[in-house]
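> Submitted below is the structure of interest, expressed as structure tokens.
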């Protein structure tokens, strides 16, 4: 065997070993509960505001989130079925060992939203069929100083079932059956709701506990609906 052939075989073996060592993006990694960055480590402050991912809701700004993660892929106003919201979409971020999509909802009054809409540069449909309204350059700059009122966290891993979340957050204070595949858990004292979908991605939504509202048809019992 020639020396060059020996080197080629050696490199091929190294590549195989490296490939097998890479984590599968659809498999939940080994998670340590003590990691301060993980989504179940919610800190409550004296004013009852909550902090997660080192961002304190209604205190930290979009600029703080950018420093924590990266530049957002987009900052826009979204028009859902009932209201407008100012949001920053971060795409894929790393939270400890987890990869997830993250959206920060920003505080903006109805008057501010109207003014931004008057300067908007374009309208498109988002992935959820909501209308996405692009901000003018000056409004994008002003958005950096807006406080974060809520965070939506969508893990990219599969296998996140009810027991996974209950082991980390505890039993929910209330729950709601969305459909045959999905259930929503509510943790009002933490300002948290979790959608667990057997056919789709899980969704964790964080808000200030003082402003957390349960749906009228939520079941106020800490029982397992499955």
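No lab work stands behind these numbers, since they all come straight from the coordinates. Because the structure is predicted, anything quoted here is derived from the model rather than measured. Cβ sites come from the backbone with ideal geometry, for glycine too, and all protein chains shown count toward neighbours.
> If you average the alpha carbon positions of region 203-219 and of region 38-97, how far apart do those two centres end up, in angstrom?
16 Å
> Right, something else. Spin-label point model (7 Å from Cα, Cβ direction): what's the residue 99 to residue 73 distance in nm?
1.2 nm
> Under 11 Å from the 7 Å Cα→Cβ point of residue 219, by amide nitrogen: which residues of region 162-180?
Taking a point 7 Å out along Cα→Cβ of residue 219, the residues of region 162-180 whose backbone N falls under 11 Å are 174-178.
> Could you list the residues of region 50-67 with an amide nitrogen less than 19 Å from a label point located 7 Å from the Cα of residue 168 in the Cα-to-C-beta direction?
Answer for region 50-67: 50-57.
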